[in-house]
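See below for the structure under consideration.
Readers should treat all values here as calculations from the given coordinates under stated rules, not as data from a laboratory. Since the model is a prediction, treat every value here as computed from it, not as a measurement. Here the Cβ positions follow ideal geometry from the backbone for every residue, glycine too, while neighbour counts run over all protein chains shown.
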Ligand code: G3I
């Protein structure tokens with residue numbers, strides 16, 4: 001079984017690999033597939049180096065009503081297969097409103113029992129677990145789901161969020177339990193939150209993706225327990241499920257929190273290429289894979305099945321192979337993905353990358369601007385620099401606030417936006433205004449910065465933002 005993936009960039013001259021797993025490994029990420037024991041044909045081990053049980057580790061299969069384990073045979077078959085074929089395993093999934101089986105309606109204590117049993121059952125044989133799956137509502141409301149297990153939540157002070165002392169939150173409490181189990185057992189298993197329709201910063205029509213923003217807030221607030229974020233990436237023509245040009249920027253936003261990001265259940269409906277499963281669909285795959293490759297902490301992609309005919313949504317023809325029952329033919333999308341993986345990463349715009357040079361042959365789907373760095377202003381006790389990810393009609397700015405030679409206890413950053421540029425969303429800062437000179441100030445948890453240290457906030461905007469000159473004032 002493989003160990004945790006090491007992030008790296010590759011140089012341009014490497015010979016092209018001929019399998020997805022080899023090309024991905026060279027680029028420093030895994031490329032996986034969802035499977036069940038009946039679908040373990042040789043192609044699984046040949047092409048993929050990560051495996052997610054499509055259904056066999058869900059509570060409906062393996063949980064008893066008291067949080068014990070049962071019927072683990074299929075799950076064991078998959079884990080053993082992965083180990084034999086040197087593949088990572090993603091456990092899917094522990095806490096979910098759907099396919100809950102005997103756990104349906106359980107209280108937090110029982111969920112915690114189940115979490116402990118499942119994590120300990122497979123230990124380090126599972127590299128990543130989806131601890132909480134699909135916690136957020138449909139239709140871009142930005143709300144939690146309203147059905148069990150989210151009915152276990154309690155907003156003690158009625159302020160509309162679940163982040164305060166006295167609140168109970170099934171997401172937080174499940175992750176706390178999972179983290180305890182990992183630490184007590186000395187496990188290396190990483191703990192993930194997984195959801196769909198969270199892939200872009202925006203949805204159709206440029207409307208901000210509230211579901212993605214809600215997920216972002218959860219990860220930011222519970223960062224100490226959460227190691228990784230899964231974007232399911234079931235792309236289709238639902239307005240909230242399309243491929244947007246800001247996919248890379250959204251991956252980057254989460255990566256900036258320090259978590260790994262994975263595309264966990266990738267398939268791309270042929271509706272997004274006018275029913276073309278040739279060049280059109282291949283181009284969509286290229287865009288998505290490239291967006292991941294361009295962010296150093298995007299460390300894995302998993303497709304949700306091998307062949308169109310065997311997919312949960314077979315009519316969408318959204319996978320990389322045709323054929324079935326062990327006899328598979330590569331689609332244009334397969335060749336496009338292999339080609340992108342072989343080009344390697346281009347993380348030149350990724351502030352979290354360790355600074356490896358970009359791969360010249362790569363063609364990013366998001367056009368990076370030159371990261372402008374504004375000279376620090378030493379007289380105000382803090383300085384600010386900004387780096388930009390831009391695309392036609394929009395941008396994401398990441399602003400770094402650095403304390404001078406003395407600690408600071410608060411900060412304000414003023415940024416004059418060019419005419420036509422408007423802020424649509426921001427994070428890790430309070431904000432005044434959306435255009436002209438916009439003021440950002442610290443929130444409760446990032447105002448104190450030690451001498452020479454820094455904190456970061458970000459914002460998204462429409463229009464064009466060039467030549468931004470942030471002015472930092474410390475308090
Ligand atoms: O195996 C039985 C078969 O014996 C029976 O004849 C047949 C009759 O309907 O059902 C078969 O089980 C089906 C199972 O897939 C295996 O194919 C279930 O009905 C069906 O509900 C189940 O669907 C799964 C679905 O989750 C359930 O929510 C899909 O395979 C699986 O791909 C899908 O995966 C989810 C992820 O877990 C979370 N994200 C979304 C993704 C797609 O919905």
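Tabulated data for the structure shown
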| item | result |
| --- | --- |
| Pairwise FRET efficiency - residue 424 versus residue 16, Cβ, R0 = 51 Å, nearest 0.05 | 0.80 |
| Relative packing of 294-302, 118-126, which averages over residues the other C-beta atoms within 10 Å, highest first | 294-302, 118-126 |
| Segment residue 36-residue 109, extension gain: residue separation times 0.36 nm, minus the distance between their alpha carbons | 23.3 nm |
| Rounded to 5, the percent of DSSP beta bridges in the chain classed as antiparallel | 60 |
| Computed E for residue 157/residue 207 - FRET, C-beta separation, R0 35 angstrom, nearest 0.05 | 0.70 |
| Shape call, the stretch 382-474: gyration tensor on alpha carbons, a/c limit 1.5 | prolate |
| Relative packing of 264-273, 26-35, which averages over residues the other C-beta atoms within 10 Å, highest first | 26-35, 264-273 |
| The chain, relative contact order in percent, only Cα pairs under 8 angstrom and at least six apart counted | 12 |
| Three-way shape label, the stretch 165-213, alpha-carbon gyration tensor, a/c 1.5 | oblate |
| Point-to-point label distance, residue 274-residue 65, nm (Cα→Cβ direction, 7 Å offset) | 5.6 |
| Cα gyration tensor shape for the chain, rounded if a/c is under 1.5, else prolate or oblate | oblate |
| Length released on extending from residue 46 to residue 143, taking residue separation times 0.36 nm less the Cα-Cα span | 30.8 nm |
| Sorted peptide list for 422-428, 56-62, 450-456, criterion being average Cβ within 10 angstrom, highest first | 56-62, 422-428, 450-456 |
| FRET E, pair residue 475, residue 312, Förster distance 45 Å, beta-carbon r, rounded to 0.05 | 0.25 |
| Sum of -39500 (n - 2.57) over DSSP H runs of 4+, divided by residues of the chain (222 nm, nearest 500) | -7000 deg cm²/dmol |
